Structures are given as structure tokens and as C-alpha cells.
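What follows is a single structure, written as C-alpha cells, with notes after it.
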Amino acid sequence: MTSAKVFDPNLENLTIIPCDNKHSIKFIHASDIHLGSHQYRNDYRANDFIFAFEEILSLAIIHQVDFLLLGGDVFTSLEMLPGKLTKIVNLLTNFKKVTKNQILIIAIEGNHDIRKFSRGQRFKQRGQSWLKLLASLGLIILLDADVELPPDEMFKEYDFKARKGGKIRIKNVVIYGTRYLGQNPEEYLLKLNNGIVKDDDFFHILLQHFGIKGQMEHVPGVDYRRIQMLKERVNYLALGHFHLQFILDDWIFNPGSSEAACSSDFSFIRGIFLVSITKNEIYTKCVKKIRLPNRTSRWEHIYFKTEFRTKEKMYECIIQKLKKSFELDKNLDFNPSNIQTPVLFLLLKGKKPFYRCKIDKKELTQLICENLPVVDVRIYQKFSDFLKTLDTFI
Ligand SMILES: [Mn+2]
């Protein structure tokens, strides 16, 4: 599959997988799509994120789900190039048409959806997001409960006319959602819990954008013990925020990012959840993990034993070494639209080059992309002033 698919969305002719249990309710839980990522840096990579989104929408049709949950960070920042936003709007319009508006997309804002990316003036006017625009166009349902109101008033039923609300009922499922609650979501947990009406006739989902402490090293998150109280009223805590997938106690679910938004994402297990709920005496759920076809990556290490006289000589050496290493892999082609064409992570080690040989990352990236089957390059320089012996390097 290739990311070129985004230019020709084909949601009409998908083969639907028949459902074995007609009484079950099905949904897909995805998160952290980061649309707009890499849009200034690399167009092929920027399309990868739209492609991942298209893949999620396709899976929603193939599995005939009742709704689709997006746990925040749908966009990577408030800055979107018009061309990319147009593609996303067209994709959602087409999805709505093909599904006859029978599969609602339910989203919340993550920290990235409300973040200004570039330097310059501080962004003061809060409360804006592209998700709000998509909701106002009727393309998604944005759940945005007002957490400043008393608990019994904060989750207002979604109003399809005003296109606003904090909860929505689909069949026997009630979904509650708020925007990103900031750095200390723990403060709001009791209030959220009190706002959710306990009723065992319904299956309750709470959609939130925060992580759980301990699931990712050195990344702060909510203490698992403090969240226990929600278990009384919430059957499925649908999270977004951490790009690494995790499931806790068959109750807390975090699918991870849909496409690798940063270098560490490439090594994480990530994807989406396909959930089916059936009610007999009580509700039972079956959660299937689905991996999305993502962009591949590749690491290369180059060790400089000598100092180069010119930058050009050094670049030439890098290209030659990479060519040699890539030759072993005969299946690679030069089509950057193909997600099998990897992002290259290049680690340069050894003797620090002379000042006049200082690497221009942009220049070297371009040179590598022209000469090797890679879509983009990330260059890391770990030079030392003294040549280490080979054994310390190994
Ligand atoms: Mn994210």
C-alpha cells in the first residue's frame, strides 16, 4: 500500500466483513493521528498521516462499526496547510456520504489540537481548534463537556443543531468526553465520576486525553490508584495521549499513535482497537488489536576514523557507505510514496570533523534522498574530540 492513495480515496468499494453477532455493538477506538505532522518538512511523510486516517475510516466501513472514537491529538497543531486540510475535509465528506452518516466519528481535543507550533507571538486566544471547525461542518461529533460547571450539569446531551455537547448515546452506549484537562487531570477525576450517571442498562465510555503513570518511562501521567474510582461507572476508559499502546485491567485502553509522529514512535507497538460489546446478563466486550500499515524506518551507523579535508569528501564517504549497506536489500525501490521506502535514521560517530566540514543537515538529507531509496533522513551527530579505539565503539 502506498500513501499516494490519499489522492484517490476509495471508500466506496470496500469489502464488508459480515458480523457474526447481529446484537453486538461495535466501535473502533483510535487516537493521536497527528494530522499536519511533517507538513513543512516532507510532503510524502505529511501524507502518511492522512493515509493512516483514511485507513482507520476504511476499517470502520469494512467492519461496519456503529461509531468511531478519536482520543485527541487528531491534529498535530493549530497550523494546517490549506491543501492538507482540504484533503481531510474531502475525506470526511466522502466518508459521511458512503456511510450515509451511519458511522459517527466522536472526538475530543488533545493538547496538540490546541497548540500553536511555530515561534513568534504567544497565542492567547484559546478555545479554537480544527476539530471545532470539523464539528461545525457536521463532519464529526466533538465532545467538550464544560468541566467548570457542577457535575450534574457538565455532561450535556449532544445537540445536533448547535453541534455541541459533552455526551452522546448510540444504541446502548453512552459516551462522555472532555477536552484535554491540562497537566493535572487528577483534579477533575472526582467531578467527572460524579457527572456520569450510574445505570447498568447502558455501557459507559469515558473519552479522555491523558496517560497513566508508569506506562511510559519518564513521562508523567495519572496515578492508576487515583483512577480506580471511575471503574464503578465507566465500562471502558478510552484514552489518547501516550503514543505507546497499553491496556490495563481490561478496562483502560490506549491504542497509541496511528503513524509514527516522532523517532521513538517507530519502535512502539501502536494501532487501533476494534471493540464489540454484547449484553446478556451483563455487558461483555471483545477487544481486537489492529496494526495499521505504517511507514517503515531504518537505522544506519557510520563511524569516522579519519578527518576529512572537505565537506564534499565527507558527504561522498557517507553516500558510499550507505549505498553499500542498502545494496544488501534488493527489494527497496525509489518511490517515496511507497510506505516501504523507509525514513533513515543516520547516526554519525567517531572523530569530530573540522569546522569547515560542519554538516549541513538539510543539504546532506537532500543528497541522501537523491541517491538512496529513503523518504526522509534524520541525522544525529555523536562525535568525540578524540578517536576512540574500535573496541570502545563496538
Ligand atoms: Mn499525541
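What the table below lists for this structure:
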quantity: Against the rule of thumb 2.2 N^0.38 Å, how large the Cα Rg of the stretch 149-263 comes out; calculated: 1.09
quantity: Largest to smallest accessible area among Trp251, Trp130, Trp299 [probe 1.4 Å]; calculated: Trp299, Trp130, Trp251
quantity: Excluding exposed DSSP-loop GluC sites (Glu not before Pro) (at most 12 other C-beta within 10 Å), longest clean stretch of the chain; calculated: 13-147
quantity: Candidate aspartates and glutamates for bridging to Lys22, where Cα separation is under 14 Å - those fewer than 8 sequence places away on the same chain excluded; calculated: Asp66
quantity: Total charge dipole magnitude, the stretch 72-196, about the Cα centre, Cβ charges on Lys, Arg, Asp, Glu only, Debye to nearest 20; calculated: 680
quantity: Rounded tilt (10° steps) of 82-98 against the dominant C-alpha axis of the chain; calculated: 40
quantity: Beta bridges per DSSP with both ends in the stretch 275-363, % antiparallel, nearest 5; calculated: 40
quantity: Assigned charges on the beta-carbon of Lys, Arg, Asp, Glu; the stretch 250-394 dipole about Cα centre (debye); calculated: 340
quantity: Fraction in percent of alpha-carbon pairs per bin - 20 Å, the chain; calculated: 26, 51, 21, 3
quantity: Calculated log₁₀ intensity ratio I(q)/I(0) where the Debye formula runs over C-alpha points of the stretch 297-393, q = 0.19, 0.21, 0.22 Å⁻¹; calculated: -0.91, -1.08, -1.16
quantity: Low-density loop positions, trypsin sites (Lys or Arg not before Pro), the stretch 228-329 - DSSP coil, at most 13 other Cβ in 10 Å; calculated: Arg291, Lys305, Arg309
quantity: Value of D in µm² per second that Stokes-Einstein yields for the stretch 125-184, Kirkwood Rh from Cα pairs, at 10 °C (1.306 mPa s); calculated: 130
quantity: Translational diffusion coefficient (Stokes-Einstein; Kirkwood radius from C-alpha pairs) of the stretch 45-121 at 10 °C, 1.306 mPa s, in µm²/s; calculated: 117
quantity: Percentage of interatomic Cα-Cα distances in the stretch 197-239 larger than 12 Å; calculated: 63
quantity: Volume per residue that the Cα convex hull of the stretch 296-350 spans, once the total is divided by residue count, Å³; calculated: 84
quantity: Set Lys313/Lys351; Lys171/Lys191; Lys361/Lys382; Lys323/Lys361; Lys198/Lys285; Lys84/Lys116 screened for pairs whose C-alpha atoms are more than 22 Å apart; calculated: Lys171/Lys191
quantity: Karplus-derived 3J(HN,Hα), 6.51/-1.76/1.60, for each residue of the stretch 264-272, Hz, glycine and proline x; calculated: 5, 4, 4, 8, 7, 7, 9, x, 9
quantity: MRE, 222 nm, helices only [DSSP H, n ≥ 4, -39500 (n - 2.57), over the chain, to nearest 500]; calculated: -7000 deg cm²/dmol
quantity: Rh (Kirkwood; distinct C-alpha pairs) - the stretch 156-209, Å; calculated: 12.1
quantity: Spherically averaged projected area in nm², based on the convex hull that wraps the Cα atoms of the stretch 85-230; calculated: 11.1
quantity: Gly72 long-range amide H proximity, modeled H, under 5 Å; calculated: Asp32, Ile108
quantity: Antiparallel bridge percentage (DSSP; both residues within the chain; nearest 5); calculated: 35
quantity: Net dipole in debye of the chain [+1 Lys, Arg Cβ; -1 Asp, Glu Cβ; about Cα centre; nearest 20]; calculated: 1100
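The values are calculated or read from the model by the stated rules, or taken from the named source; none is laboratory data. For clarity, every value in this text was computed on a predicted model and none was experimentally measured. Quick reminder, even Gly has a Cβ in these numbers, built from the backbone with ideal geometry, and neighbours come from all protein chains shown. The accessibility values were calculated without ligands, DNA or RNA, using every heavy atom of the protein model including side chains. Shrake-Rupley method; radii C 1.70, N 1.55, O 1.52, S 1.80 Å.
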